[in-house]
1. If the only charges are +1 at each Lys and Arg Cβ and -1 at each Asp and Glu Cβ, what is the size of the charge dipole of region 41-198 around the Cα centre, to the nearest 20 debye?
2. Simple spin-label model, 7 Å along Cα-to-Cβ: Thr145 to Cys104 in nm?
3. Need the C-alpha centroid separation for region 90-128 versus region 158-228, integer Å.
4. Fully extended, how many nm does the chain gain between Ala118 and Ala227 (0.36 nm per residue separation, minus their Cα-Cα distance)?
5. Using θ = phi - 60° and the Karplus curve 6.51 cos²θ - 1.76 cosθ + 1.60, what whole-Hz ³J(HN,Hα) does each residue of region 55-67 get, with Gly and Pro shown as x?
6. So if each residue of separation counts as 0.36 nm, and I subtract the Cα-Cα distance between Thr249 and Leu16, what length gain in nm does that give?
7. How much length, in nm to one decimal, is gained on full extension between Thr75 and Ala196, taken as 0.36 nm per residue of separation minus their Cα-Cα distance?
8. Expressed as a whole percentage, what fraction of the accessible surface of region 148-252 belongs to carbon and sulfur atoms when a 1.4 Å probe is rolled over the protein heavy atoms?
Amino acid sequence: MVLLCCRDDSGRLWRLADTCRTCTAATPHAAVVTEPLRHSPAALRPPRLLSPTDPAAGRPGGTVQIDGTSLSTTTRVNFGSAAVIPTSVTATQVTFVVPDSAPCAGQVSVSVTSTTGATSNALPFFVIAPPTTTGLSLTCLPAATGGPVTLLGANFLTGTQVRVGTIGNVAVTPSRPSQVTFTAPANPGRVGTVSAQPVTITTAGGTSRSGTTSIDYYLAPTITSTAPTSGTAEDEITINGTGLVNVDTVTFTDSAAATATAAAARARCGVAVMAILRPVMRIGAHLGALPLPVL
């Protein structure tokens, strides 16, 4: 059935009538009345966002969901000054991806615009900057035990874990944006005298760049030789070996089992250390030439 508008032969009388399409063609001085475009009540209402974005914070490339009403005709998401095409749209939810043009960090406003040009209310979204690492409180650790280390850098507050190379992950809960303390695990499978393991931290803003910060795992010290092999007080002696890291003291023992200690230059994951022999207790009645077996 269609609505037909027709007039009499004089053109003075007009009338409307419901008729079938077959009769319409046979009726003189008639025309079908076009029906107006019908919109659903929901389509006529402007879009409205109801709850915070999920998640409420993230980084470029992350997927975000917005809940609201009258969202079925959404054509774009307004992410700050950027227009983003949504990945999915329903009457109550819009999903989109945070654009690469998002600022490095800070709050932006998020809204949606419908096919009619109506724009919803705005919600806040926080862009989280990726973490960066600058150093460690300790760069050398015993391979057999590992130990506590403080990682230094920036944007750590949302950190969830620190990764130590191929050894594994350590869960963390940073209380400061510039540092976090964790216990580096032992590295029993290490190969060679020193094993360098990169340290990274993962936050809501991503994972820090690998290769910027690393821990060197070392084996227990082993002495292979001294140069010279004998000496007197105040002589400088070089001790060669492996794993000579953070050496504080060197102990010398003579044939009579009397001992002397020497201050040692610290070695950073190195293979040699220099010591100056300064006796701190009597070595017999006379201190002369002294063989230097090292314990």
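The values are calculated or read from the model by the stated rules, or taken from the named source; none is laboratory data. No experiment lies behind these values; they were computed from the predicted model shown. With ideal geometry, Cβ positions are generated from the backbone for all residues, glycine too; neighbour counts draw on all protein chains shown. The protein model used for the area step is the full one, side chains on, heavy atoms only, and it has no ligands, DNA or RNA in it. Shrake-Rupley method; radii C 1.70, N 1.55, O 1.52, S 1.80 Å.
1. The calculated dipole for region 41-198 is roughly 60 debye.
2. In this crude spin-label approximation the distance works out to 4.1 nm.
3. 39
4. Net length gain for the segment: 30.8 nm.
5. x, 7, 8, x, 10, x, x, x, 8, 10, 10, 10, 9
6. Extra length available between Thr249 and Leu16 comes to 72.7 nm.
7. Working it through step by step, the gained length comes to 38.4 nm.
8. C and S atoms contribute 53 percent here.
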